[in-house]
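Data first, discussion second: the structure below is written as structure tokens.
What follows draws every value from the coordinates through simple rules; no lab data is involved. As the structure is a prediction and not an experimental result, all values here were calculated from the model. Virtual Cβ from ideal backbone geometry, glycine too; neighbours counted across all protein chains shown.
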2 protein chains.
Amino acid sequence: MKKIPVIEIFGPTIQGEGMVIGQKTMFVRTAGCDYSCSWCDSAFTWNGSAKDEIKQMTAAEILDDLIELGGDRFNHVTISGGNPALIRGLDELIILLREQGFRTALETQGSRYQDWFLLIDDLTLSPKPPSSGMKTNFTVLDDIMKRLIDGGRKDNVSLKVVVFNEEDFDYAKNVHLRYPNISFYLQPGNDQVNEQNDHLLRNQLLEKLEWLIELTVLSKEMNDARVLPQLHALVWGNKRGV
Amino acid sequence: MKKIPVIEIFGPTIQGEGMVIGQKTMFVRTAGCDYSCSWCDSAFTWNGSAKDEIKQMTAAEILDDLIELGGDRFNHVTISGGNPALIRGLDELIILLREQGFRTALETQGSRYQDWFLLIDDLTLSPKPPSSGMKTNFTVLDDIMKRLIDGGRKDNVSLKVVVFNEEDFDYAKNVHLRYPNISFYLQPGNDQVNEQNDHLLRNQLLEKLEWLIELTVLSKEMNDARVLPQLHALVWGNKRGV
Ligand code: SF4
Ligand code: SF4
């Protein structure tokens, strides 16, 4: 069995954002990213700060850990990163989870395709807006989207764009218009990833949410969009592993 | 055209809860309810306190108001109450909205069936738990569910139970087990519907959310459930018309 670099496994908890917001789930977070977004809220997965926590694990070992932690109290597993799409060996984990009857979710920025995308129940492509400092390769994203649609996965895929400012909102519009038939989510950016006061953080996050709702409400291009916060940040602040 | 008793029309805003949480939408709120839940957060629709605001409107008049308010900035209309399922004449509104290309959502407690349920894109049945003081007629709810499933509407329907205490949570489990193939949402109850301090309210609502997440995480019967707050209460407090 291939090895997968894992930085944390936790849950059960709820999915805090995106297309299955609120869903009870376990999390497997893989290490490594091909991006370095300025506001990355999981920079510990790629910037070396948590490199001693990375374990090289087989799919079977990950499943063992999930069951040890979650017992019979979960049906759904979310794989996040970093960018899990860097990891070819994830196919073994996804197949194993499906064999055990678990549904799976995965989020990636859409910089790389993997055949096992076709096996994910809830796949979120989250291309990064200008404020991240990254540049989207739309040739790659078009190709990923085409393969998913050709593979009959339209209803299993969503797009999500994090928005920090109006330039990001324009970028989000372009992404939505480019793939009009794919479920589209907007999420206000958390520019306070080091804020330790949960009450302050809540109020700031809810103000950003209100701001993004107002932009969306005014924009006729966004009539089909959904605007959602990060529930885990509202409930638990910037803590890891919840 | 039949007359529909309307208490408010507002938007565009976002749907704050349930199966299409975050969706940009307009709201039409009808007057009248066959229940009187102890903690009803829209008691003004049925307790007489806003009876001077009730207008008897035709479907065409409602559409005119929606377009006057929302212009070309909406594709989705949510009908809420009270209990809109009391109003036979809603079929004309729903047919008209569909003809105009709008998607529709509607929430009802599930005490009465209407044939036009089969035309709703996002239908939420929200049976009321013991803390409401109401008693669910499961014969009626079973019948509604059967008609919806026989009508091929499984993917357009969800169940949502508001939970104030552990007894409500047990009730929610029973509802979920009774209709295991229907998407199931849990929502923490807002027992502070008169709290005017938004910061206090936020913290109380998020504490209730955390409490409900913990119950859900511990319960293997709730592995497929989704736990969601009321976003509008978090952002705008107990204000009406947002
Ligand atoms: S793509 Fe995601 S994990 Fe990678 S740097 Fe950007 S935000 Fe962080
Ligand atoms: S069913 Fe809904 S509108 Fe009617 S009393 Fe209960 S909470 Fe209020």
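The set of residues from the stretch A:121-163 being exposed (fewer than 14 other Cβ atoms within 10 Å of the Cβ) and in contact (Cβ under 8 Å) with a residue 60 or more places away in the chain comprises just one member, A:GLY133.
Kindly provide the set of residues from the stretch B:101-116 that are free of Cβ contacts under 8 Å to residues at least 60 places away in the same chain and within 16 Å of ligand 2 (Cβ to nearest atom), ordered by number. Steps first, answer last, please.
Initially, the stretch B:101-116 is screened for residues free of Cβ contacts under 8 Å to residues at least 60 places away in the same chain, giving B:101-104, B:106, B:108, B:110, B:113-116.
Result: B:LEU106, B:THR108, B:GLY110, B:TYR113, B:GLN114.
Would it be correct to say that A:GLY237 is small (Gly, Ala, Ser), more than 10 Å from every other protein chain (Cβ to nearest Cβ) and within 30 Å of A:LEU119 (Cβ to Cβ)? Walk me through how you get there before you give the answer.
Values: small (Gly, Ala, Ser): yes; more than 10 Å from every other protein chain (Cβ to nearest Cβ): yes; within 30 Å of A:LEU119 (Cβ to Cβ): no.
Considered against the rule, which asks whether it is small (Gly, Ala, Ser), more than 10 Å from every other protein chain (Cβ to nearest Cβ) and within 30 Å of A:LEU119 (Cβ to Cβ), A:GLY237 comes out as no.
Could you tell me which of the residues A:VAL227, A:VAL217 is out of contact with any helix residue (DSSP H, G or I) (no Cβ under 6 Å at 6 or more places or on another chain), β-branched (Val, Ile, Thr) and facing chain B (nearest Cβ under 9 Å)? Walk me through it before giving the result.
Details: A:VAL227 fails: out of contact with any helix residue (DSSP H, G or I) (no Cβ under 6 Å at 6 or more places or on another chain).
The conditions single out A:VAL217.
When each of B:LEU212, B:LEU206, B:LEU228 is tested for being in contact with a Gly (Cβ under 6 Å, 6 or more places away or on another chain), buried (at least 16 other Cβ atoms within 10 Å of the Cβ) and within 19 Å of A:THR13 (Cα to Cα), the lone residue that passes is B:LEU228. Flag: A:SER49 does not match the condition of being under 16 Å from the mean Cα position of the chain (by Cα) and either touching a residue at least 40 places away in the same chain (Cβ under 8 Å) or under 27 Å from A:GLN192 (Cα atoms) (or both). In the stretch A:62-86, the qualifying residues are those that are of a type in the set (S, T, N, Q) and touching a Lys or Arg at 6+ places or on another chain (Cβ under 7 Å), and the one that is nearest to the other protein chains (Cβ to nearest Cβ) is A:ASN75. Within the stretch B:30-45, residues that are within 20 Å of B:VAL161 (Cβ to Cβ) reach partners that are within 7 Å of ligand 2 (Cβ to nearest atom) and of a type in the set (Val, Ile, Thr) with beta carbons closer than 9 Å, at six or more positions or on different chains, in the pairs B:CYS33/B:THR45. Every condition in (1) crowded, with 16+ Cβ neighbours inside 10 Å; (2) in contact (Cβ under 8 Å) with a residue 40 or more places away in the chain is met by B:GLU166 except one, and the failing one is (1).
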